[in-house]
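The values are calculated or read from the model by the stated rules, or taken from the named source; none is laboratory data. A quick note: this is a predicted structure, and the numbers were derived from the prediction, not measured. A quick note on method: Cβ atoms are made from the backbone with ideal geometry, for glycine too, and the neighbour counts reach across all protein chains shown.
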Amino acid sequence: MLELRDITRAYELGGERAGVFGVSIEVPRGCLAVIAGPSGSGKTTLLQVAGLLDSPDEGEVRLDGEPVSRLPEKARCDLRLRRLGFVFQAFNLVPVLSALENVMLPLQLQGLAEPEARKRAEAALDRVGLADRRHHRPGQLIGGQQQRVAIARALAPEPLLVLADEPTASLDHAHGGPLMDLMADLARERGTAFLVASHDPAVIARAHRVFRLADGRLVEAP
Ligand SMILES: Nc1ncnc2c1ncn2[C@@H]1O[C@H](COP(=O)(O)OP(=O)(O)OP(=O)(O)O)[C@@H](O)[C@H]1O
Ligand SMILES: [Mg+2]
């Protein structure tokens, strides 16, 4: 499903080279994969390349066997909208919109008509256990619920791959495990692949595959 082949993305920092170097990983359908590693080890850098938000200096990203990292920005943007889902640490929900309207947003950007977008967004919120909170705004929800809205929003367009950067970082410890359990269930039910960057032990413990980075290099892979 997702293949990163020999990815290098380097930053010059005061004469020092930082980033990721020669990293290859594979995430098949239905797999909940975690990129682990200490702060500064390159997790976010790698996730941005995998999510087509950034281009590698060397190497290639393949989605369903197709090389995609060197496509023009317009084509990459289209792939992000149609094939990828994103969950961010700070959730990035729109504060003035209800949970339902937040989940509808990417569906409407894809061109779905309002009634169909509403139906699919309601089903997604139902799936994450938030049907009864759909008219609440993010500020009226607790952190764990906001994170589940973010997951419903990422999942509603039925992406091939969901990328999540430290999705449990702003939750307290009690929520990290259940959030991963939900992603594992979704991976199994729909065949969606998940690539999660995290140093949370509760997240790493539930991964199907763990890729460990240190100083931008892969030091452990399944
Ligand atoms: N835009 C950038 N410009 C310069 N250096 C960068 C940039 N982004 C990342 N780096 C450097 O690349 C290295 C990897 O950073 P990255 O953010 O990928 O690590 P991380 O594993 O996500 O860390 P954290 O756990 O703190 O989120 C770090 O040394 C960082 O300073
Ligand atoms: Mg990071």
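Filter the range 182-200 for residues that are under 16 Å from Ser170 (Cβ atoms) and of a type in the set (Gly, Ala, Ser); which is farthest from ligand 2 (Cβ to nearest atom)? Per the stated criteria, the residue is Ser198. Out of (1) closer than 19 Å to Ile204 by Cα; (2) within 16 Å of ligand 2 (Cβ to nearest atom); (3) outside any strand (DSSP E or B); (4) not polar (S, T, N, Q), the odd one out for Asp54 is which? Just one mismatch for Asp54, condition (1). Being more than 16 Å from ligand 1 (Cβ to nearest atom), closer than 20 Å to Val23 by Cα and at pLDDT 90 or above holds for only one residue in Arg209, Arg137, Arg153, Arg133, and it is Arg209. Every test in (1) in a loop (DSSP other than H, G, I, E, B); (2) without any contact (Cβ under 8 Å) to a residue 24 or more places away in the chain is passed by Glu12 save one, and that test is (1).
Here's the yes/no breakdown for (1) without any contact (Cβ under 8 Å) to a residue 24 or more places away in the chain; (2) of a type outside the set (Gly, Ala, Ser):
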position: Glu58; (1), (2): no, yes
position: Asp64; (1), (2): no, yes
position: Gln89; (1), (2): no, yes
position: Leu100; (1), (2): no, yes
position: Ala117; (1), (2): yes, no
position: Ala121; (1), (2): no, no
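Of the residues that sit in the range 112-127 and are farther than 11 Å from Ala156 by Cα and of a type in the set (A, V, I, L, M, F, W, C), which one is surrounded by the fewest Cβ atoms within 10 Å (Cβ to Cβ)? Across the range 112-127, the extreme among qualifying residues is Ala113. Any residue in the range 145-160 that is in contact with a helix residue (DSSP H, G or I) (Cβ under 9 Å, 6 or more places away or on another chain), among the acidic types (Asp, Glu) and surrounded by 19 or more Cβ atoms within 10 Å (Cβ to Cβ)? Within the range 145-160, none of the residues are in contact with a helix residue (DSSP H, G or I) (Cβ under 9 Å, 6 or more places away or on another chain), among the acidic types (Asp, Glu) and surrounded by 19 or more Cβ atoms within 10 Å (Cβ to Cβ).
Taken together, the residues in the range 62-83 that are under 18 Å from Leu195 (Cβ atoms) and hydrophobic (A, V, I, L, M, F, W, C) amount to 4.
Determine whether Val49 is under 30 Å from Gln140 (Cα atoms) and buried (at least 16 other Cβ atoms within 10 Å of the Cβ). No. Hey, does the range 75-97 have a residue that's surrounded by 16 or more Cβ atoms within 10 Å (Cβ to Cβ) and of a type in the set (S, T, N, Q)? Taking every residue of the range 75-97 in turn, at least one turns out to be surrounded by 16 or more Cβ atoms within 10 Å (Cβ to Cβ) and of a type in the set (S, T, N, Q).
No other residue among Leu107, Leu47, Leu79, Leu93 is within 23 Å of Ser170 (Cβ to Cβ) and assigned to a helix (DSSP H, G or I) apart from Leu47.
Only residues that are in contact with a Leu (Cβ under 9 Å, 6 or more places away or on another chain) and at negative phi were counted in the range 22-44, giving 16. Considering each residue of the range 3-16 in turn, none proves to be out of contact with any Gly (no Cβ under 8 Å at 6 or more places or on another chain) and under 21 Å from Pro201 (Cα atoms). One residue stands out in the range 15-43 among those that are among the hydroxyl-bearing types (Ser, Thr, Tyr) and not in a strand (DSSP E or B): the one that is surrounded by the most Cβ atoms within 10 Å (Cβ to Cβ), namely Ser41. Among the candidates Arg118, Arg70, Arg82, Arg29, the residue that is within 16 Å of the chain's Cα centre (by Cα), away from ligand 1 (no atom under 16 Å from the Cβ) and farther than 28 Å from Asp200 by Cα is uniquely Arg82.
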